Amino acid sequence: VHGELFAATRGGGATLDGRPMGVSGEGSLRRSMLATGFAYSGDGQAENLVHFGRLLPLAGAIRRPGAAALDLANLAAGRLDGFWELHLNPWDVAAGLLLVREAGGRTSDERGEPYRLGQKTVVASNGRVHDALLDGLRG
């Protein structure tokens, strides 16, 4: 849409239009821009609405652009500070998670354990706000 090309290789860093990119330096969840997405099913939407409600008063802002891969790319580029989403498939997140990791960010499941491809819940951040994001999701 914007004519941008995000790229990453394991151990080789991440780039945007051929220039190295990195996650933001924001350290406060209160000043963070977060993103999420909602599942297509009613049950998934209701489940994430609880998380959304928990985080809304704790974060600077929350956006819902609608594409997990693009949200993760924007996190890797430092445009977002954190991201979470439920009920995802590997093809929704594989490339974006590599971008985040190679740009210096952190990815996990909802328990804070390292994310493994195929898990349904993804939490990603610049690393600095990750624990606070997890705490907010847990309530």
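Pick from region 54-69 the residues that are in contact (Cβ under 8 Å) with a residue 60 or more places away in the chain and part of a helix (DSSP H, G or I): which of them is nearest to residue 7 (Cα to Cα)?
Across region 54-69, the extreme among qualifying residues is 55.
Would a scan of region 22-37 turn up a residue that is at pLDDT below 95 and among the aliphatic types (A, V, I, L, M)?
no
Which strands (runs of 3 or more DSSP E) sit wholly inside region 1-53 and have at least 3 residues that are surrounded by fewer than 17 Cβ atoms within 10 Å (Cβ to Cβ)?
Answer list for region 1-53: none.
Which residue, of 61, 132, is surrounded by 18 or more Cβ atoms within 10 Å (Cβ to Cβ) and within 21 Å of residue 29 (Cα to Cα)?
132
List pairs: first in region 24-40 and touching a residue at least 12 places away in the same chain (Cβ under 8 Å) and acidic (Asp, Glu), second outside any loop (DSSP other than H, G, I, E, B) and open to solvent by 30 Å² or more (accessible area, probe 1.4 Å), Cβ under 9 Å, 6+ apart or cross-chain?
Final answer for the pair search is 26/33.
From the list 97, 80, 72, which residue is closer than 14 Å to residue 16 by Cβ and not in a loop (DSSP other than H, G, I, E, B)?
Residue meeting the stated conditions: 72.
The values are calculated or read from the model by the stated rules, or taken from the named source; none is laboratory data. In this text the structure is predicted, and so the values were computed from the model without any measurement. No Cβ is skipped: glycine too gets one built from the backbone with ideal geometry, and neighbour counts run over all protein chains shown. The protein model used for the area step is the full one, side chains on, heavy atoms only, and it has no ligands, DNA or RNA in it. Shrake-Rupley method; radii C 1.70, N 1.55, O 1.52, S 1.80 Å.
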